[in-house]
Amino acid sequence: MENIQNPVANWIPVKLIEQENQIYFEWIYLSDILFEEPFFDETIARCKSHSYNSKRVKLISTAENLIEWSKDLDFVALKSLVFHVSRCGSTMLSQSLATSTENIMISEAPIIDQILRSDAFGLDSKTILLESVMRFLGQKRFPEQKYLIIKLDAWNIFNASYLRSIFPDVPFALLYRDPSDVLKSHQKLMGMHMVPNLIPPSVFGITQKEINQISFQQYGALVLEKYFQGFLDFYETDDNVTMLNYNEGMKNVVERFVTFINADYSENEKEAMFDRLKHHSKNKQADFSGDSYKDDVLSVDLKQANVLHEKLNEKFSCYLHQ
């Protein structure tokens, strides 16, 4: 049932627009559509057929509008942020969690990354904007909704300390995987962050000197090394974070995550989550029989990535025996 008490209910900001020294936000109407697709943008694409969203004129607002409108929303508090190294089961985790009607599962909403990487705001303004955007993403559109869980983009691990300053009590999860399997997956279909300069290398802490010393193929391994190091650095300094290892099996990943965030799901909901794991993360109609990377050959040097991965495994092992 749609909330008709608040005029901005069921609307969310989806795009940051920086134009001619002006800052705007583009909005879209959700109607009663749930965040069920593997990625946020796929849900937004479904929304575009609604009459409110199919007009030639788009709804835009200022940052000040967004902040002010968020104050009157009925929303659920952020329950967890999920960080990942890409191609490590994060989509399967989010799809599993999305089966629960109690969850609002946001998977890689571009607007969060746009605000994090924008130079148009001071740190205080950026913090207020992020809090306001998450109120909109977590607005309680259905009575059973209790938890907002957000899976971030892989490179947002480098924003983890800043995000911790905004959300001091929110559990953070770090999901990782064996580096050879991550890179073999990108070898088949390369993500944009593994292509030099599609995302500024500075986002990953990569220097031009490092780029000049490696091949195109090796760049992806370097990005993964930076992710692993970012995981290690944050894990060392934070007390409310857990490691999740894809190579332990996705059922274990889901169980550990649910336990860690202390969410009170029914047994039926948990069974639905586990059942979703039997199907492909990006197509729930197709059965999942495992990845087929064993015979693929990588033409990259994984020595440093393997060293960092082993350090992550050591932290993970220590966590299990606490």
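The values are calculated or read from the model by the stated rules, or taken from the named source; none is laboratory data. Please read these numbers as outputs of a predicted model, since none were measured by experiment. Note that each Cβ is placed from the backbone with ideal geometry, even for glycine, and that neighbours are counted across all protein chains shown.
Of the numbered conditions (1) within 30 Å of Arg87 (Cβ to Cβ); (2) of a type in the set (Ser, Thr, Tyr); (3) touching a residue at least 60 places away in the same chain (Cβ under 8 Å), Ser70 fails exactly one; give the number of that condition. Single failed check for Ser70: (1). A residue that is surrounded by fewer than 17 Cβ atoms within 10 Å (Cβ to Cβ) and in contact with a strand residue (DSSP E or B) (Cβ under 8 Å, 6 or more places away or on another chain) cannot be found anywhere in the stretch 160-183.
Regarding Leu222, is this residue buried (at least 20 other Cβ atoms within 10 Å of the Cβ), without any contact (Cβ under 8 Å) to a residue 24 or more places away in the chain and out of contact with any Phe, Trp or Tyr (no Cβ under 6 Å at 6 or more places or on another chain)? So Leu222 passes the test. For beta carbons closer than 6 Å, sequence separation of 6+ or different chains, a first residue in the stretch 97-120 that is among the acidic types (Asp, Glu) and a second that is modelled with pLDDT under 95 and surrounded by 21 or more Cβ atoms within 10 Å (Cβ to Cβ), there are no qualifying pairs. In the stretch 93-211, counting only helices (runs of 4 or more DSSP H) that sit wholly within it, the ones holding 3 or more residues that are under 23 Å from Thr43 (Cβ atoms) and not hydroxyl-bearing (Ser, Thr, Tyr) span 110-117, 123-137. Number of residues in the stretch 54-92 that are assigned to a helix (DSSP H, G or I), of a type in the set (A, V, I, L, M) and within 27 Å of Tyr162 (Cβ to Cβ) equals 3.
Listed residues Glu108, Glu68; which is in contact with a helix residue (DSSP H, G or I) (Cβ under 9 Å, 6 or more places away or on another chain), charged (D, E, K, R) and farther than 20 Å from Leu148 by Cβ? Steps first, answer last, please.
Numbers: Glu108 fails: farther than 20 Å from Leu148 by Cβ.
One residue alone meets the criteria, Glu68.
Does Thr242 qualify as being surrounded by 16 or more Cβ atoms within 10 Å (Cβ to Cβ) and among the β-branched types (Val, Ile, Thr)? For Thr242, the condition - surrounded by 16 or more Cβ atoms within 10 Å (Cβ to Cβ) and among the β-branched types (Val, Ile, Thr) - is met.
Looking at Leu244, is it in contact with a strand residue (DSSP E or B) (Cβ under 6 Å, 6 or more places away or on another chain) and either over 30 Å from Lys270 (Cβ atoms) or part of a strand (DSSP E or B) (or both)?
Details: in contact with a strand residue (DSSP E or B) (Cβ under 6 Å, 6 or more places away or on another chain): yes; either over 30 Å from Lys270 (Cβ atoms) or part of a strand (DSSP E or B) (or both): yes.
When the stated conditions are applied, Leu244 passes them.
When the residues of the stretch 195-216 are filtered to those that are crowded, with 16+ Cβ neighbours inside 10 Å and touching a residue at least 40 places away in the same chain (Cβ under 8 Å), the one that is nearest to Leu244 (Cα to Cα) is Phe204.
Within the stretch 24-52, the residues that satisfy the criterion of being over 25 Å from His280 (Cα atoms) and either crowded, with 17+ Cβ neighbours inside 10 Å or at pLDDT 95 or above (or both) are Tyr24, Phe25, Glu26, Trp27, Ile28, Tyr29, Leu30. Of all residue pairs spaced 6 or more apart or on separate chains, those with beta-carbon atoms under 8 Å, a first member in the stretch 38-62 that is within 27 Å of Met92 (Cα to Cα) and a second member that is in a loop (DSSP other than H, G, I, E, B) and among the hydroxyl-bearing types (Ser, Thr, Tyr) are Pro38/Ser281; Cys47/Ser31; Lys48/Ser54.
Which is of a type in the set (A, V, I, L, M), under 29 Å from Ser317 (Cβ atoms) and at pLDDT 95 or above, of Ile166, Ile150? Ile150 is the lone residue from the list that is of a type in the set (A, V, I, L, M), under 29 Å from Ser317 (Cβ atoms) and at pLDDT 95 or above.
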